[in-house]
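Undergrad: Here it is, the structure, as structure tokens.
The values are calculated or read from the model by the stated rules, or taken from the named source; none is laboratory data. Computed from a predicted structure; not experimentally measured. Here the Cβ positions follow ideal geometry from the backbone for every residue, glycine too, while neighbour counts run over all protein chains shown.
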Amino acid sequence: MKMKFDFLFKNGTNETFEQPITEENHSAVLEVLETIETSMREGIEACIIFEKEGHGGHYVRMSEVVRVTTDVIEGDSR
């Protein structure tokens, strides 16, 4: 299973990140969702990091985000 995050930035750019959900990272994925919700609702500054296996990661500064859409993708988490 994966969690898909679609971000729309203030400059009009769209970016999509997919995060596999495993038993090991389940609570971390929930924490990311909570951080996004709090940041969007209350305007709190936050930076979210989506790690890429063996290649560093992507940083999302929530102050630059206009909209976030999330979806759960069923199936293999690879």
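Undergrad: Give me the residue from segment 19-70 that is modelled with pLDDT under 90 and charged (D, E, K, R) and, out of that set, farthest from the chain's Cα centre (by Cα).
TA: The selected residue is Glu53.
Undergrad: Here is a check on your reading of the model: is Asp76 at pLDDT 95 or above and acidic (Asp, Glu)?
TA: no
Undergrad: Would you kindly identify the strands (runs of 3 or more DSSP E) lying entirely within the chain that contain at least 1 residues that are without any contact (Cβ under 8 Å) to a residue 24 or more places away in the chain and surrounded by 10 or more Cβ atoms within 10 Å (Cβ to Cβ)?
TA: In the chain, the matching strands (runs of 3 or more DSSP E) lie at 14-20, 47-51, 57-61.
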